[in-house]
Amino acid sequence: MTVKIIAVDGPSGVGKGTLAQLLCQHTGFHFLDSGAIYRTLAYGVVEKGIELYDLPGLVALAEKLPVVFADGKVLFETKDISRLIRTEEVAAIASQVAAIPEVRAALLQRQKDFAQQPGLVADGRDMGTVVFPQAQLKLFLTASAEVRAERRVNQLKNQGVTANMHQITQDIIERDERDRNRAVAPLIPADDAIVIDTSQLNIDQVLDKAKEILYKRGM
């Protein structure tokens, strides 16, 4: 039986992770946070002292990456690292390792294994283009860099962390440029993806749009 898959792609700060989890609640599907897998790899790189030029070391860790999604948490070797992988340092390393073809190849099958009945909501940057090109529904969320930076600053403030709006905006622009132009799996919408600009929408409005699309697709 074919596993139903909803791919939710887009850059950081567009709300795709929140939308994906809400869609899981709505559909009862399993959840895959591809970005968290790459961030978990980045966390593991730091935790185990692996250098970014150590390709065999990176690939070995990626192939056996001990990541589990449970009750809204991300676990690494049974350790809850949900908050630890949301730092800017980890995000920067994740973006760098994601650009390495051998690392992406090592993690590809690991992500595919999440596709199980009754279905899967896959959140990431290349779910609809590379990992699950057969997905029955592909959503690509976007928003301006300024809006995304503001969201990130507010998120950090809520965590008691002081943030520099200008620096975060610049980091987002540079990361977007790097992700769009990487040789492997560039960050672009799939040809059959439905693009939703979330710049002026709250999460409830984005969810309503997604539900409407699901209804029309009979999912």
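Across all Cα pairs in segment 4-201, the calculated P(r) in 5 Å bins from zero up to the longest distance comes to 1, 8, 16, 20, 22, 18, 11, 3, 0 percent per bin.
Here is what passes the span test in the chain: the DSSP H helices with alpha carbon length of 15 Å or more along the helix axis and a Kyte-Doolittle mean of 0.5 or above are 34-47. Would you be so kind as to identify which of Thr142, Phe114, Ala62 lies farthest towards the positive end of the dipole of segment 4-201, taking Lys and Arg as +1 and Asp and Glu as -1 on Cβ and the Cα centre as origin? Ranked along the dipole, the leading option is Phe114. In percent, what relative contact order does segment 1-107 have, based on Cα pairs under 8 Å that are 6 or more apart in sequence? Reported relative contact order: 25 percent. For the chain, the relative contact order works out to 33 percent when only alpha carbon pairs closer than 8 Å and six or more residues apart are counted.
Charging the Cβ of each Asp and Glu at -1 and of each Lys and Arg at +1, and nothing else, the dipole of the chain about its Cα centre rounds to 420 debye. DSSP bridge analysis restricted to the chain gives an antiparallel fraction near 25%, rounded to the nearest 5. Once the chain from Asp80 to Ala105 is taken as fully extended at 0.36 nm per residue, the excess over their C-alpha distance is 6.4 nm. Taking all Cα pairs closer than 8 Å and separated by 6 or more residues, the relative contact order of segment 109-208 comes to 36 percent.
Only lysines eight or more places from Lys64 in sequence, or on another chain, were considered; those with a Cα closer than 23 Å are Lys48, Lys73, Lys79, Lys112.
Only the coordinates and a few stated rules stand behind these numbers; no lab work does. These numbers were taken from a predicted model, which means no experiment stands behind them. Note that we place each Cβ from the backbone using ideal geometry, even for glycine, and neighbour counts take in every protein chain shown.
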